[in-house]
Amino acid sequence: MSFRLLVLAVGTFVINTGSYLVAGVLPAIAAQVGVPITTAGQLITVHALTYAVSAPVLSTVVGRWDRRRLLWLSLALFVVGNIATAVAPDFGTLTAARVLGALGASLFTPTAVVIAADLVPLDRRGRAVSTVLSGLTLATVIGVPLGVLLEGSIGYQGLFWTVAVLGVLASIALLALPPVPAPPVMRIRERVSVLRNRAVLWVLVVSMLASLADFAAYTYASPMLSSLTGAGASTLGVLLFVYGVAGAMGNTVVGRLTDRFGSAIGIVGSLLVLAAGLAFLPVAGGSALATVVVLVLWGLGGWGIMPAVQHRLISLIPAGAGMVIAFNSSALYLGMGFGGLTGGAVAAEWGWVALGPVSAAVALLALVLFWRTNPTTTATPGTAAAPAQEAQPVA
C-alpha cells in the first residue's frame, strides 16, 4: 500500500470514527442529557444533513486552495467540534457541536478520495478509492466497537476527547503528504451542471437510498440488537465489530471486483447482499451464529457499494471528479440523515423488530432504480469513457 494512501486512510478513519461514534453510545448520551433514545438519534441526523449541505458548498468556497490545506482546515474544524461534543452540557449545545464537526468532516473525505484517484493509474482507481475508504470502514471495525467497550470506563465525553486528540495526530501525519495543487477552477454553474447529467443523478439517488437503508438500522444498532438478541454492552461491542469487519471486507473485495468487472456488478451485488442481511435481522435474534451471519451480510453490502459508486461517478465525469464526489458525499449523508429519521419513526411505530425489513425494502428500491436506469450492467474496467456510455439512463 502506498504510504500516501495510508495517510489519507488514517485521516478518513479518524474523521468517521468521530462521525459514527454517536450511534454506538446513543443510550449513554440520551441518559446524560435527559432525552429519549429516538430524540438523541437525531444528533446523527443533524450531523448528516449538515454534512450533506456543506460538502458541495465548502468545496466551491475553498476550491482554489491547495488540497493539503483543505485537509488541515477540515481536521481543525473536526477537532473543535469533538471537543465541544465532549463538554456540551445540554442537548442544544450538543447539537451545535455536531454541526461544527460535520462541517470539518464534509471537507475531508471527498478531498481525500479525489487525491487518491489522482495518485494512481486509471486501472487502479477502484483499489485506491477503496484504500482511502477503508479508513471509513475501519471506523466501524475498530472505532465504534472500541468506543462501546470503553464508554463504561471513561464515559462518552472521554471518547470524544480521545477522538479530538487523534484528529490532531492525523493533522501532523499530513506533513508526509506532498503539496497537492488545487484542480482547475470551476465556476458555480459548471459545478452544478454535473447534476444535469441524468446518469450521474440516478447514481446519486441510488447511493442515497443505499445509505438510507444502511443507516436507518445502524443509527439504532445498539438498542435494536439489544432488543433482538438480549446482548449486553460487551456482546454489543463484539457484534458491532463483526459488522465493521464485514464492511472492511466488502469495501476491499468490491473495489477489486470493480476494477476487474466494472462498477455495475459491484453496485448490484452489494445491494442484494445488503437487503438480505437487513431482511433476516428479526429472525436471527434467537441464534448467535445466525446473528453473526446476517451482520456479515449487512456489513458486506452496506460498505461494499461505496467504492463501486465512487468509481462509477469518477468514470462518468473525470474532469469534474472533485465536485461529483462531493455531491456523492452529500448523497451518502442525506441517506444517513433520513435514515435516522426513518429508523426512529419505524421503531416508534412498529418496534425494533420492523427496522431490518423496512430497511431491506429501501435497499431493494435502490436496486430496482439502478437496474431501470442502467440497463447495461457490464462495464469496461480501467476506462473513463465506457462507463459513461453504459450508464446512460433510459427512464
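A short reminder: the numbers here are calculations on the coordinates, not readings from a lab. Predicted model only: the values in this text are computed from it and were never measured. Using ideal geometry, Cβ is built from the backbone for each residue, glycine included, and neighbour counts are taken over all protein chains shown.
What is the projected area of the convex hull of the Cα atoms of the range 3-390, averaged over all directions, in nm²? Display every interim value, and only then the final one.
Numbers: hull surface 65.9 nm².
Taking the Cα atoms of the range 3-390, their convex hull projects to 16.5 nm² on average.
Farthest toward the dipole's positive end in the range 3-390, which of Phe280, Gly230, Ile265, given Cβ charges of +1 (Lys, Arg) and -1 (Asp, Glu) about the Cα centre?
Sorting the options by dipole projection puts first Ile265.
Would you order Thr252, Thr342 from fewest to most other beta-carbon atoms within 10 Å of each residue's own beta-carbon? Let's see the in-between values first.
Details: Thr252 19, Thr342 22.
So the residues, fewest neighbours to most, are Thr252, Thr342.
Mean Kyte-Doolittle of at least 0.5 and a Cα length of 18 Å or more along the axis: which whole DSSP H helices of the chain meet both? Walk me through the numbers before you get to the answer.
Numbers: long enough: 3-24 (31 Å, 1.50); 42-61 (28 Å, 1.24); 67-87 (31 Å, 1.17); 91-119 (42 Å, 1.38); 125-138 (19 Å, 0.63); 144-173 (30 Å, 1.53); 198-218 (30 Å, 1.61); 233-261 (41 Å, 0.93); 263-279 (24 Å, 2.18); 288-316 (43 Å, 1.46); 321-350 (42 Å, 1.01); 355-373 (28 Å, 1.72).
Qualifying helices: 3-24, 42-61, 67-87, 91-119, 125-138, 144-173, 198-218, 233-261, 263-279, 288-316, 321-350, 355-373.
Provide Met336, Met224 in ascending order of the number of other Cβ atoms located within 10 Å of each residue's Cβ, fewest first.
Working: Met336 27, Met224 23.
By the 10 Å Cβ count, ascending: Met224, Met336.
Taking 0.36 nm per intervening residue step and subtracting the Cα-Cα distance, what contour gain separates Arg198 from Ser153 on full extension?
Computed gain between Arg198 and Ser153 is 11.1 nm.
What is the magnitude of the charge dipole of the chain about its Cα centre, with +1 placed on the Cβ of each Lys and Arg, -1 on the Cβ of each Asp and Glu, and no other charges, expressed in debye to the nearest 20? Don't jump to the answer; show the numbers that get you there.
On the way: 18 positive and 10 negative charges, 207 e Å.
I would put it at about 1000 debye.
In the chain, if the dipole is taken from +1 on Lys/Arg beta carbons and -1 on Asp/Glu beta carbons about the Cα centre, which of Leu8, Leu289, Gly147 is farthest to the positive end?
The residue sitting farthest along the positive end of the dipole is Leu8.
How much length is gained if the chain between Ser234 and Ala31 is pulled fully straight, taking 0.36 nm per residue apart and subtracting their Cα-Cα distance, in nm to one decimal?
Fully extending the segment from Ser234 to Ala31 adds 71.2 nm.
For the range 18-122, just say rounded, prolate or oblate: build the C-alpha gyration tensor, square-root its eigenvalues into a ≥ b ≥ c, call rounded for a/c under 1.5, and beyond that prolate if a/b exceeds b/c, oblate if not. Numbers along the way, then the final one.
On the way: a/c = 2.66, a/b = 2.25, b/c = 1.18.
Since a/c reaches 1.5 and a/b is larger than b/c, the shape of the range 18-122 is classed as prolate.
Relative contact order (percent) for the chain, with alpha-carbon contacts under 8 angstrom and 6 or more residues of separation? Numbers along the way, then the final one.
On the way: 773 pairs, mean separation 98.1, N = 395.
25 percent.
Could you identify which residue out of Phe241, Phe261, Phe327 has the top mean-square fluctuation in a GNM of the chain using Cα springs shorter than 10 Å?
Phe261
Using a Förster distance of 41 angstrom, determine the FRET efficiency expected from the C-beta separation of Val368 and Thr93, and round it to 0.05. Display every interim value, and only then the final one.
Working: r = 42 Å, r/R0 = 1.03.
For R0 = 41 Å, the calculated efficiency reads 0.45.
In what sequence do Thr235, Thr45, Thr162, Thr85 fall when counting other Cβ within 10 Å, fewest first? Mind dumping the intermediate values first?
Numbers: Thr235 16, Thr45 23, Thr162 20, Thr85 29.
Placing the least packed residue first, the sequence is Thr235, Thr162, Thr45, Thr85.
Mind jotting down the distance between the C-alpha centroids of the range 71-122 and the range 1-28, whole Å?
10 Å
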